[in-house]
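Student: Sending over a structure as structure tokens; questions will come in a sec.
The values are calculated or read from the model by the stated rules, or taken from the named source; none is laboratory data. Predicted, not measured: the structure shown is a model, and the values here were computed from it. In this analysis, Cβ positions are derived from the backbone assuming ideal geometry, glycine residues included, and neighbour counts consider all displayed protein chains.
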Amino acid sequence: MAALAQQTAPTQITGPWHGTLEAPGTRVTIIFRLSNSESGQLTTAMDIPMQGVKGMAIPETELREDSLYLRIPAGGIAFAGKIAGPETINGSWKQAGMAFPLSLAKGEPTEAKRPQMPVKPYPY
């Protein structure tokens, strides 16, 4: 049990985590940025690039054993996930009375390279 507690120490979970939320008719990349405040409290900021959201503070961040809980009470939004390994959190996003699976991977999301001014010879 000590190894599990050590794996999920706040310093092990800090940094960016990203995942793709698939709701009816949409796919949205969500990035959670976990860090420790000066007082040692675990805090989270959220980015949703597709919606222009950057650095939105998550009011409630809780790490309990092998589970991460993020809540925005004013918006009725919550994420609950179980740490499945050093680079994976499997969980669910709840909003407006609905729940959607949301798995997170450690690190920044990779951007698809889609040049807006393709050059001949075209790759297609």
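Student: Looking for something loosely packed, with under 11 Cβ neighbours inside 10 Å and either of a type in the set (K, R) or in contact (Cβ under 8 Å) with a residue 40 or more places away in the chain (or both) - is there at least one such residue anywhere in the range 35-55?
Tutor: Checked the range 35-55: no residue is loosely packed, with under 11 Cβ neighbours inside 10 Å and either of a type in the set (K, R) or in contact (Cβ under 8 Å) with a residue 40 or more places away in the chain (or both).
Student: For residues that are polar (S, T, N, Q) and part of a strand (DSSP E or B), scanning just the range 79-124, find the one that is modelled with the lowest pLDDT.
Tutor: Filtering first and then ranking leaves Q95.
Student: Would you confirm, using the coordinates I've provided, whether E65 is of a type in the set (D, E) and without any contact (Cβ under 8 Å) to a residue 60 or more places away in the chain? Let's see the steps before the verdict.
Tutor: Values: of a type in the set (D, E): yes; without any contact (Cβ under 8 Å) to a residue 60 or more places away in the chain: no.
No; evaluated as a whole, the condition is false for this residue.
Student: Looking at the range 46-60 only, could you name the residues that are over 14 Å from T14 (Cα atoms) and assigned to a strand (DSSP E or B)?
Tutor: Quick first cut of the range 46-60, residues over 14 Å from T14 (Cα atoms) only: 47-60.
D47, I48, V53, K54, G55, M56, A57, I58, E60 - these are the residues of the range 46-60 that are over 14 Å from T14 (Cα atoms) and assigned to a strand (DSSP E or B).
Student: On to the next question. Can you name every residue in the range 6-43 that is modelled with pLDDT of 85 or more, part of a loop (DSSP other than H, G, I, E, B) and within 19 Å of K106 (Cβ to Cβ)?
Tutor: Of everything in the range 6-43, just one residue is modelled with pLDDT of 85 or more, part of a loop (DSSP other than H, G, I, E, B) and within 19 Å of K106 (Cβ to Cβ), namely T14.
Student: Now, a different point. Among the residues of the range 61-78, is any hydroxyl-bearing (S, T, Y), outside any strand (DSSP E or B) and surrounded by fewer than 15 Cβ atoms within 10 Å (Cβ to Cβ)?
Tutor: Of all residues in the range 61-78, those hydroxyl-bearing (S, T, Y) come to 61, 67, 69.
Narrowing the set further to residues that are outside any strand (DSSP E or B) leaves none.
Scanning the range 61-78, I find no residue that is hydroxyl-bearing (S, T, Y), outside any strand (DSSP E or B) and surrounded by fewer than 15 Cβ atoms within 10 Å (Cβ to Cβ), so the answer is no.
Student: Restricting the first residue to the range 83-99 and requiring it to be within 15 Å of T14 (Cα to Cα) and touching a residue at least 40 places away in the same chain (Cβ under 8 Å), which pairs with a second residue that is outside any strand (DSSP E or B) and not β-branched (V, I, T) meet a Cβ separation below 6 Å and a spacing of at least six or different chains?
Tutor: Pairs found: I83/D66.
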